[in-house]
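What follows is a short report on a single structure.
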Amino acid sequence: MEKAVFYHAGCPVCVNAEERLTELIDRNRYDVEIVHLGQARGRIAEAEAAGVKSVPALVLGHDVLHINHGATMAEVKG
């Protein structure tokens, strides 16, 4: 099973994207993990290393899908 990680910062844009995308992802094919970077600040570096430039973003393997620009990683870091 492939890993899918959805990174977000809790803003309304992010929460809407999380709700919509996670209902569309095939759970038989992907192990989906939701990471709220505002609550899991220790995972910001992980998201950046995966190629996340802004949130919300969905990482599927080596592909990063940036969805409806909500906040840059610099904004997430505060």
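Values in this text are rule-based calculations from the coordinates and carry no lab data. These numbers were taken from a predicted model, which means no experiment stands behind them. So basically every Cβ, Gly included, is an ideal-geometry build from the backbone, and we count neighbours across all protein chains shown.
Some notes on this structure:
- Of all DSSP-defined beta bridges confined to the chain, some 60% are antiparallel rather than parallel.
- Highest-fluctuation residue, GLY38, GLY51, GLY61 considered, GNM on the chain with Cα pairs under 10 Å: GLY61
- About its Cα centre, the dipole of the chain is roughly 180 debye, where the only charges are +1 on Lys and Arg Cβ and -1 on Asp and Glu Cβ.
- Low-density loop positions, trypsin sites (Lys or Arg not before Pro), the chain - DSSP coil, at most 15 other Cβ in 10 Å: ARG27, ARG29, LYS53
- Once the Cα atoms are used to define both axes, helix 12-24 deviates from the longest principal axis of the chain by about 10 degrees.
- Among MET1, MET73, the ranking by other beta carbons within 10 Å of each residue's beta carbon, starting with the fewest, stands as MET1, MET73.
- In order along segment 52-59, phi translates into HN-Hα couplings of 5, 9, 7, 10, x, 8, 10, 9 Hz, rounded to whole numbers, per the Karplus curve 6.51 cos²θ - 1.76 cosθ + 1.60 with θ = phi - 60° and x for Gly and Pro.
- Furthest towards positive pole of dipole, LEU24, LEU60, VAL35, structure part the chain, Cβ charges: VAL35
- Over the chain - Rg/Rh using Cα atoms and the Kirkwood inverse-distance radius: 0.93
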